[in-house]
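Here, each number is a calculation from the coordinates, and none is a lab measurement. Source: prediction; values computed, not measured. Positions of Cβ are generated from backbone atoms using ideal geometry, with glycine treated the same way; all protein chains shown enter the neighbour counts.
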Amino acid sequence: MRSNMMKLTMFFLAICLSCMPSISISSPGSYPYFFEQLKNPAYKNSFELLFADQKNVEPWVKRYITTSNGVDSPGESRQIQGKKYELYQICEPHNCGGNFLYIIVEPGGAKAWALLTKDSEISRIFGSPPEDIKSELEAIARAASQ
């Protein structure tokens, strides 16, 4: 009798668990995808300002700027000179191998800087980052190309 009651309880528990919605649990220091952050006007504005007066921006980056449609990774927390920043990575759709845009953003989206790689080589830096931010972006690009 006790065995049947236990089986019935387990059966109902299994049904209840299978009906629960999927829950996404972020690890500490993780952030949403960049396309989600771009729904916030501060992030959108600081990102668009990076490219406002730039010529010859890669076509896939131009498309991402206008559509937010690309291959994003969830953001992550970075400490640079003791200050907290957010790091985001976007790669060229259908050609991720070494073609990335790395973006460092101040929390809240007030200021952003970016580094573009093409075929695993640093191609351009956007936003005139201070030296510590520039060094971090370059180190991230170098580590990714190895």
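Note down the net charge around P107, summing +1 for each Lys or Arg and -1 for each Asp or Glu among other residues with Cβ under 13 Å from its Cβ.
Residues near P107 contribute +1 overall.
By average Cβ neighbour count within 10 Å, what is the ranking of 54-60, 116-122 from highest down?
The packing order, highest mean first, is 116-122, 54-60.
A 26 angstrom limit on the alpha carbon distance is what I want to check against. Which of K55/K111; K55/K83; K83/K118; K55/K134; K62/K118 exceed it?
Violating the 26 Å limit, Cα to Cα: K55/K83; K83/K118.
Take the alpha carbon gyration tensor of segment 30-145, find the square roots of its eigenvalues, order them as a ≥ b ≥ c, and report rounded if a/c is under 1.5; if not, report prolate when a/b exceeds b/c, else oblate.
rounded
Which residues does a label at Q79 reach in segment 111-146, if reach means a backbone N under 18 Å from a point 7 Å past the Cα toward the Cβ?
132-133, 136-137, 140
For every other residue with a beta carbon closer than 14 angstrom to the beta carbon of S46, add +1 if it is Lys or Arg and -1 if Asp or Glu, then tell me the sum.
With Lys, Arg at +1 and Asp, Glu at -1, the neighbours total 0.
G70: net charge of surrounding residues, Cβ under 13 Å, Lys/Arg +1, Asp/Glu -1, itself excluded?
On the way: positive: K62, R63; negative: E36, E58, D72, E92.
Once all neighbours under 13 Å are counted, the net charge is -2.
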